[in-house]
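Below is one structure, written out as structure tokens; comments come after it.
Derivation of every value follows stated rules applied to the coordinates shown; laboratory data play no part. Predicted, not measured: the structure shown is a model, and the values here were computed from it. No Cβ is skipped: glycine too gets one built from the backbone with ideal geometry, and neighbour counts run over all protein chains shown.
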Amino acid sequence: MFNKLKNKTILITGGTGFFGKVLIDFFFNLNEEHNLNLQLIVTARSVLKDDRIKFLAHDIKEPLVIDEKIDFIIHAATPVANDASSPDHLLEVIVNGTQNVLNFAHENKITKLINISSGAVYGTQPKELSKLDESYASKVSVYEPTNIYGSGKRIAENLVTKFCREHGISYLTLRCFAFSGEYLPQNAQFAIGNFVRDAKKDGVIKIKGDGSAIRSYLDSNDMAEWVLAALLSDETDKNYNLGSEHEVTILQLAEIIAGLIPSTKIEVENKLSANIKTNRYIPDVSKIMSELGVTQKVSLKNSIEKMIKFES
């Protein structure tokens, strides 16, 4: 199975983000375990000191220039999307960055491209829909200002599909949902990371809403294994959801974390109300499981335990 990686070189864009850090550790351990002589080249705006890999300082908005022969690309470079994000900047990085990666892939005749996208491309999940599958067509405009990140990712997906078909490049797009585990930021826009941080630091988890929002979380190691399965598969020209189907409310999530960190209290800002429309963000991952043979191995509780113990 791993022979496809023997003596190969993988380019990972966005190496200092959550995805990049997880994949670097995963592929390094895979390399050591199976003696693959696998080379990792990682691009990021800020270069990390890591003797295991070659880091290149690079702004994804600029064309890629790399002397080494690249066999595979995992395009994970994307800006952080939050309330302070500039819409113009988000679109520029996502769209222009993707086009630069595509140009490089064509010029260097890469074997396969894995495009890391997002479940945000679906827009708001309808209340009556339990899971979002890959065939769901959102009615949200591709330039919807309230979801500029998702809009940008949809544009990028269209670019990847059109370009790769025209130039005969094998590719898969992975639409990522929510994650947990090692390397997940505990000071960003991720509720699970912030809950762990606050419980460890202050002993209090504060839920800003009513706790009824429904989410699911795939462990970082499972995520890396699913990316590997996509990279090694013979499938091409497809989109796959990447996430967990095991749903949990935000309140239940807080209760799991509180149960793992002694003396943690939970404060809910708003009371549950029948008038509140519970929002969901749950993927249907039956397609990737059946076609790529992946499974969710790590439970949410065990994944959170790893987060609590992990020091980046």
Ranking of LEU56, LEU129, LEU218 by count of other Cβ atoms within 10 Å, fewest first: LEU129, LEU56, LEU218
Estimated distance in nm for a label pair at GLU255 and HIS34, the labels positioned 7 Å out from Cα along Cα-to-Cβ: 4.1
Beta bridges by DSSP in the chain, antiparallel share as percent, to the nearest 5: 10
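Mind checking region 134-229 for trypsin sites (Lys or Arg not before Pro) that DSSP puts in a loop (not H, G, I, E or B) and that have at most 10 other Cβ atoms within 10 Å?
On the way: sites: LYS139, LYS153, ARG154, LYS162, ARG165, ARG175, ARG197, LYS200, LYS201, LYS206, LYS208, ARG215; in loops: LYS139, LYS208.
Loop-located and lightly packed - LYS139.
Which shape class applies to region 224-306: rounded if a/c is under 1.5, otherwise prolate when a/b exceeds b/c and oblate if not, where a ≥ b ≥ c are the square roots of the Cα gyration tensor eigenvalues? Each step should come with its number before you reach the end.
Working: a/c = 4.20, a/b = 1.79, b/c = 2.35.
Oblate.
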Mean separation of Cα contacts under 8 Å, 6 or more apart, over the residue count of region 232-312: relative contact order %: 44
Positive-end residue, the chain charge dipole about Cα centroid, Cβ charges, pick of ILE60, PRO79, LEU36: PRO79
All aspartates and glutamates inside 17 Å of LYS69 as judged from Cα atoms, apart from same-chain residues fewer than 8 positions distant: GLU107
Straight-distance crosslink candidates among lysines, where the alpha carbon sits under 26 Å from LYS127 and sequence neighbours closer than 8 are dropped: LYS139, LYS153, LYS206, LYS208, LYS271, LYS277, LYS287
Those lysines that a straight Cα-Cα span of less than 18 Å connects to LYS309, excepting residues fewer than 8 apart in one chain: LYS21, LYS200, LYS201, LYS301
Dipole in debye (nearest 20) - region 113-199, about Cα centre, beta carbon charges: Lys, Arg +1; Asp, Glu -1: 140
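To the nearest 0.05, how large is the calculated FRET efficiency for ASN7 and ASP202 if R₀ is 45 Å and r is the Cβ-Cβ distance? Can you show the working numbers first?
Working: r = 50 Å, r/R0 = 1.11.
Computed FRET efficiency for ASN7 and ASP202: 0.35.
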Rounded, prolate or oblate (a/c below 1.5 giving rounded, otherwise prolate when a/b exceeds b/c) for region 105-194 by Cα gyration tensor: oblate
Estimated 222 nm signal from helices in the chain, with DSSP H stretches of n ≥ 4 weighted -39500 (n - 2.57), rounded to 500: -10500 deg cm²/dmol
Relative contact order (%) - region 12-123, alpha-carbon pairs under 8 angstrom, separation at least six: 27
DSSP-loop GluC sites (Glu not before Pro) across region 208-312, with at most 10 other Cβ within 10 angstrom: GLU269, GLU311
Per-bin percent of Cα-Cα distances, the chain [20 Å]: 32, 59, 9
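Over the chain, what relative contact order in percent results from Cα pairs under 8 Å that are six or more residues apart?
Values: 584 pairs, mean separation 55.3, N = 312.
Answer for the chain is 18 percent.
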